[in-house]
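Here's the structure we're looking at; comments come further down.
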Amino acid sequence: MVHRSVLLDEAVDLLVTESDGNYCDGTFGRGGHSRKILEQLSSRGHLLGIDKDPQAIAVGETLAAEDSRFHICHGSFAEIRQMVEQAQWPGLHGVLLDLGVSSPQLDQAERGFSFSQDGPLDMRMNTTQGMTAQEWVHSAPEAEIIDVLRRYGEERFAVRMAKAIVRERALQQIDTTAKLAEIVSAANPAWERGKHPATRAFQAIRIRVNNELSDLEMVLEQVADLLLPGGRMVVISFHSLEDRIVKRFMRDKAKGKALPRDLPVLESQLERNFKLVGKALKPSDQEVSENVRARSAVMRVLEKKA
């Protein structure tokens, strides 16, 4: 399947407010959003792309060779402050984060993200470092597996699935996506119509292997500090756990400093340095019909006040 950037026009239109500015695409992927951002930048604008995935970096290096305004960095967007400092930029006019796993990662069986294609149980976005899903499944204590399936997958049958994994790993290597999908599916007593019974378990393990939610929490605070006055943060989430973190963070920033109730304070003391831009935006029916993976996307925008 060809990768399609979700909410492409909407995200970039809301992001780019200064054509001469410095921007960051924290989830470069295959460069759909980045190319659109570059179209809206002047010759004095600059764009930094970040991605964990070596395959994405290869695409980014090709784009960097074609366009001197673009630079690519291999790593997590949780390292954005360090990357911006290395670029010697005073701050950022905008940051885009398109969260979750990309279509190319899902579509390549050898990456181990998908239960619908049999492949090695890897699931790492950065294949050059870190623990694979196979290594985690074989080393994590049962209690940790239960916690991960509950917290990151919101899986009702986490206990049953964890016990099944622990039982099976003592008998065989759980080294392919098909084996893991079979084990957790068999431990799921209530299959939902239209949803694979291993969906939540695979999501949970992927999030754990890639530290997705902790990286997200880290990058949000850094971006808030790095944004220049008038700069914007645009975040596209694909499941409720991500969106909950983003929604709460942006709401709290827009509210300003928390102070004791019933205490008389000046408006300036509230430190309301940010504002929400519009309401949460979802893809149109047409976009969802053309790209089913867009159906769960939610986009939120936060602006640092000038």
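With the simple spin-label model, which puts each label point 7 Å out from Cα in the Cβ direction, the Arg44 to Arg295 separation comes to 4.7 nm. Here Lys163 is the anchor, and the lysines within straight C-alpha reach of less than 28 Å, apart from those fewer than 8 places off in the same chain, are Lys179, Lys195. A straight chain from Glu271 to Ala58 at 0.36 nm per residue would run longer than the Cα-Cα distance by 72.5 nm. The gain in end-to-end length when the Glu217 to Met131 segment is fully stretched comes to 28.9 nm, 0.36 nm per residue minus the alpha carbon separation. Simple point charges give the picture: +1 on the Cβ of Lys and Arg, -1 on the Cβ of Asp and Glu, and for the chain a dipole about the Cα centre of about 1040 debye. Averaged over its residues, the chain has an accessible area of 49 Å² per residue, based on protein heavy atoms and a 1.4 Å probe.
Working note: Cα atoms of the chain, range along each principal axis, descending, whole Å: 61, 58, 39.
For the range 109-210, the fraction of alpha-carbon pairs lying more than 24 Å apart is 11 percent, rounded to a whole number. Relative to the Cα centre, the charge distribution of the range 109-210, modelled as +1 at Lys and Arg Cβ and -1 at Asp and Glu Cβ, gives a dipole magnitude of about 320 debye. Only protein atoms count toward the accessible area here, which uses a 1.4 Å probe; on the chain, the carbon and sulfur part of that area reaches 49 percent.
If you sort Phe115, Phe274 by accessible surface, 1.4 Å probe, largest first, the order is Phe115, Phe274. The percentage of C-alpha pairs in the range 1-139 whose separation is greater than 25 Å is 29%.
The values are calculated or read from the model by the stated rules, or taken from the named source; none is laboratory data. Since the model is a prediction, treat every value here as computed from it, not as a measurement. Glycine gets a Cβ as well: all are built from the backbone with ideal geometry, and neighbour counts include every protein chain shown. Side chains are part of the model used for accessible areas, which takes the heavy atoms of the whole protein and leaves out ligands, DNA and RNA. Shrake-Rupley method; radii C 1.70, N 1.55, O 1.52, S 1.80 Å.
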